[in-house]
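Okay, so here's the structure we're looking at.
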Amino acid sequence: MSKAIKNQDSILQKLKIEKLNPMQEQAQFAIHSNNQVVLLSPTGTGKTLAFLLPIIAELKSDLNEVQALILVPSRELAIQIEQVVREMGTGYKANAVYGGRPISKDKLELKHTPSILIGTPGRVADHIRRETFRTDTVEILILDEFDKSLEVGFESEMVDIVSALPSVRKKILTSATFNVRIPNFMGLKDQVTLNFITNETPRLKLKTILSPEKDKLETLGKLLGKLGNQPGIVFCNFKDSIQRVSDYLYENDIVHECFFGGMEQKDREQALIKFRNSSHQLLVATDLAARGIDVPEIKFIIHYHLPIKAHEFIHRNGRTARMHSEGTAYIIQYEDEYLPEFINDMHPESMYVESVAQFDNNENNEWTTLFVSGGRKDKISKGDIAGLFIKQGKLNKDDLGLIELKQDCAFVAVKSSEVTSLIHLVNNTRLKKKKVRVRNL
């Protein structure tokens, strides 16, 4: 067995993945065999691992400079990829840089230069202008969800970045959209295109929920009451609408988190953490949540507002019925409202939803998120936190959920029934060499 295959088996074991899916296998072969690859695959199919495995295999272990640069359209996607690289446990350092946090924090982390740099185009271009890292050592360039980066206005920054990288030999572009425009500034010639996108989502059910009133709030509430406490996303077009929907949900004791571009980065991250670890089952979001973020398999999505374009509708729906799972996309439609042609062509089932006696959203959620004031920079691992909570906190393994480790802190899901006694036992105790605070988030 070759060293590369052994390393891959070790990585998959650490990620708790039995084997690669067909898309990942084909992408890995194509990226190894070609210097220009365009990978088109739906949201949730594992594109991140598909390009990380082959590029990590090509990194030079004796070069302590940035060798691979990954450009992404959102902060959340940058953080997600950084986390995946770290969980792969390859020994190669990765750092994510993005707007919304002090550039001084980036500089501190980049003093020990990463082999893989992940970032939003604006922040990466800023670092290149400041000469924070060497650009002549970057040999691999990945534009992940490149069409989204173009859509949100990053083209000029990406042009500047590409022109500042003299040594790039391998270029990889990924997207979850079919028929996308390949940007001329990438200079692709004879690229290999892998297209795994079809218009069919066989496990997706599409239903139209009719609202007798133009104001759809009450219909939304009834629908959520029927759906009960299971993971889902409500999509709105504007942040003002999210605030109105959120106020209504709070008034009716429907536990949820909000997620949109105008939020502070810390609040956005924490909203996703709570959604991932099941502290909250419902996310009310703009199209920022349609792709490029790491969220678990969800049972449904609700179009409170319909997107303007067909591809946005597809990306939203792609959050459910992923891979081999089933899911339902609900459209809340005012009785006199006309649906776009691209939706009518899908022949959704139309129905009214009856009133429910009470909202079954489980106000007392099974899981609660705890904040721990220590992280990677304190040499603290997930195993250290689990050990503290189980041994000193007297927690059963089944009462401990997802642990997300950050540079200077950690977030831990714990069964809600155990939170009070656990905090009493572990707060202000020593973990490794640091005295940590543990509190309810």
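Numerical summary
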item	result
Given (1) surrounded by fewer than 18 Cβ atoms within 10 Å (Cβ to Cβ); (2) in contact with a helix residue (DSSP H, G or I) (Cβ under 8 Å, 6 or more places away or on another chain); (3) under 22 Å from F342 (Cα atoms), index of the condition F196 fails	(1)
Residue in the range 16-39 that is among the charged types (D, E, K, R) and crowded, with 17+ Cβ neighbours inside 10 Å present	no
Subset tally (residues that are modelled with pLDDT under 95 and either out of contact with any strand residue (DSSP E or B) (no Cβ under 8 Å at 6 or more places or on another chain) or among the aromatic types (F, W, Y) (or both)) for the range 361-386	8
D267 being without any contact (Cβ under 8 Å) to a residue 12 or more places away in the chain and under 22 Å from E76 (Cβ atoms)	yes
Matching residues, the range 171-191, being buried (at least 18 other Cβ atoms within 10 Å of the Cβ), at pLDDT 90 or above and of a type in the set (A, V, I, L, M, F, W, C)	I172, L173, M186
Pairs where the first residue, in the range 235-257, is assigned to a helix (DSSP H, G or I) and the second is surrounded by fewer than 17 Cβ atoms within 10 Å (Cβ to Cβ), C-beta under 6 Å, 6+ apart	K239/G262
Scan of the range 246-273 for residues that are of a type in the set (G, A, S), under 15 Å from the mean Cα position of the chain (by Cα) and more than 17 Å from P231 (Cβ to Cβ), ordered by number	G261
Residue satisfying condition, being surrounded by fewer than 17 Cβ atoms within 10 Å (Cβ to Cβ) and hydroxyl-bearing (S, T, Y), within set S149, S156, S74, S115	S156
Positions within the range 164-193 being free of Cβ contacts under 8 Å to residues at least 60 places away in the same chain, touching a helix residue (DSSP H, G or I) at 6+ places or on another chain (Cβ under 8 Å) and not in a loop (DSSP other than H, G, I, E, B), in sequence order	F185, M186
Residues of the range 48-71 that turn out to be closer than 30 Å to R203 by Cα, crowded, with 23+ Cβ neighbours inside 10 Å and either touching an Asp or Glu at 6+ places or on another chain (Cβ under 9 Å) or not assigned by TED's automatic domain parsing to the domain that holds S163 (or both), as a count	2
Test: E218 is in the same structural domain as F342 (by TED's automatic domain parsing), surrounded by fewer than 18 Cβ atoms within 10 Å (Cβ to Cβ), without any contact (Cβ under 8 Å) to a residue 60 or more places away in the chain and touching a strand residue (DSSP E or B) at 6+ places or on another chain (Cβ under 8 Å)	yes
Any hit, the range 68-75, residues being small (G, A, S), at pLDDT 95 or above and closer than 15 Å to L49 by Cα	yes
Flag for K391 being assigned to a helix (DSSP H, G or I) and either exposed (fewer than 13 other Cβ atoms within 10 Å of the Cβ) or modelled with pLDDT of 95 or more (or both)	yes
One residue from A96, A78 being in a helix (DSSP H, G or I), under 19 Å from L173 (Cα atoms) and small (G, A, S)	A78
Subset of the range 283-297 that is of a type in the set (A, V, I, L, M) and assigned to a helix (DSSP H, G or I) - its residue that is farthest from D240 (Cα to Cα)	A289
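The values are calculated or read from the model by the stated rules, or taken from the named source; none is laboratory data. As the structure is a computational prediction, the values presented were derived from the model and not from experiment. Positions of Cβ are generated from backbone atoms using ideal geometry, with glycine treated the same way; all protein chains shown enter the neighbour counts.
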